[in-house]
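Report on one structure; see the data block that follows.
The values are calculated or read from the model by the stated rules, or taken from the named source; none is laboratory data. Quick caveat: nothing in here was measured; it's all calculated off a predicted structure. Because the Cβ atoms are built from the backbone with ideal geometry, glycine has one as well, and the counts that use them run over all protein chains shown.
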Amino acid sequence: MTFKDHFSGHAAHYAQARPHYPAALFAGLAALAPARDRCWDAGCGNGQASVALAAHFAAVHATDPSAEQIAHAEPHSRVTYAVERAEACSLPSHSVDLTTIAQALHWCDVDAWHREVKRVLKPGGVVAEIGYARSHVDGDVDAVYARLYEDLTAPYWPPERAHIDRHYADLPFPFERIDLGPLPPMQQHWTLPQYLAYLDSWSAVARYRQQHGHSPLDLVHDDFVRAWGDPSVARIVQWDLFVRVGRSAR
């Protein structure tokens, strides 16, 4: 399967504009792992999940097939970054307590990824496939968001994006399922410029801009301003967070 690179062209902007995962999510995952020696974070992008995992594991092996994403990843003394595909990791077999992939599973050859997870996990090791879908602010802002997402940019999303909207429910998961319990909220306190920067980091927005010579955000900017109110006032932006957690054979 050929690597489909939708983010290298705006890796620096992507690193600055993406929301952070709740710290409690990684604490909960670490508590399920058989030990805390090593974690593998595949499809790490700019390293948000990788650095969060470093608070719980002695070593984090963080990989992404995009050299540009790795170049803009956040450094940490316990995180080692490598340009590698999720389907072909350099780690030895049965060497990892926890394997994570955050907002990247849908870009993988899922069956090949699962084979690699089974290879690197220790007996009883844990795998977590993490994603987040739509953002929410309030009814007025969400209505403008829906116009941007469903009408303006819909033709410019790769087909794999549909897996995010379905919360990976249509993808296989050949592991013993673990119930993580209620998920902590994934949210940011953002001003309108920060929120628009996040929307501008979408690969579909970049693709629209390449084809039309302007951003689709130009068409809804004034609507966002009216819906948001004072652009300098920070508001709570929350995302639909979902996680599939499983355990390898003991």
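Table for the structure above
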quantity	calculated
Residues (in contact with a strand residue (DSSP E or B) (Cβ under 6 Å, 6 or more places away or on another chain), surrounded by fewer than 23 Cβ atoms within 10 Å (Cβ to Cβ) and closer than 20 Å to Met186 by Cα) located in region 52-74	Ala54
Hits in region 146-192 (condition: hydroxyl-bearing (Ser, Thr, Tyr), part of a loop (DSSP other than H, G, I, E, B) and surrounded by 17 or more Cβ atoms within 10 Å (Cβ to Cβ))	Thr153, Tyr168
Subset of region 75-100 [closer than 13 Å to Arg38 by Cβ and either crowded, with 19+ Cβ neighbours inside 10 Å or among the acidic types (Asp, Glu) (or both)]	Val79, Cys89, Val96, Asp97, Leu98, Thr99, Thr100
Any chance Tyr208 is in a helix (DSSP H, G or I), over 19 Å from Cys39 (Cα atoms), touching a residue at least 40 places away in the same chain (Cβ under 8 Å) and among the hydroxyl-bearing types (Ser, Thr, Tyr)	yes
Which numbered condition Leu199 misses (of (1) in a helix (DSSP H, G or I); (2) more than 19 Å from Gly139 (Cα to Cα))	(2)
Single condition His189 does not satisfy, out of (1) closer than 16 Å to Ala146 by Cβ; (2) at pLDDT 95 or above	(1)
Residue ID - surrounded by the most Cβ atoms within 10 Å (Cβ to Cβ), chosen from residues in region 30-39 that are within 19 Å of Glu129 (Cβ to Cβ) and out of contact with any Leu (no Cβ under 6 Å at 6 or more places or on another chain)	Arg38
Among (1) under 17 Å from the mean Cα position of the chain (by Cα); (2) free of Cβ contacts under 8 Å to residues at least 40 places away in the same chain; (3) under 16 Å from His20 (Cβ atoms) - the single one Thr100 does not satisfy	(2)
First in region 156-177 and under 16 Å from Ile101 (Cα atoms), second anywhere and in a helix (DSSP H, G or I) and among the basic types (Lys, Arg), Cβ under 9 Å, 6 or more apart	Pro174/Lys118; Phe175/Lys118
Count of residues meeting criterion [among the aromatic types (Phe, Trp, Tyr), assigned to a loop (DSSP other than H, G, I, E, B) and modelled with pLDDT under 90] in region 1-38	2
Extreme residue, surrounded by the fewest Cβ atoms within 10 Å (Cβ to Cβ), among residues of region 212-250 that are acidic (Asp, Glu) and not in a helix (DSSP H, G or I)	Asp230
Residues being part of a helix (DSSP H, G or I), buried (at least 19 other Cβ atoms within 10 Å of the Cβ) and not β-branched (Val, Ile, Thr) - total across region 101-144	6
Of residues in region 48-59 being within 17 Å of Gln103 (Cβ to Cβ) and modelled with pLDDT of 95 or more, the one nearest to the chain's Cα centre (by Cα)	Ala49
Yes/no for Arg85 being at pLDDT 95 or above, basic (Lys, Arg), within 25 Å of Tyr168 (Cβ to Cβ) and outside any helix (DSSP H, G or I)	yes
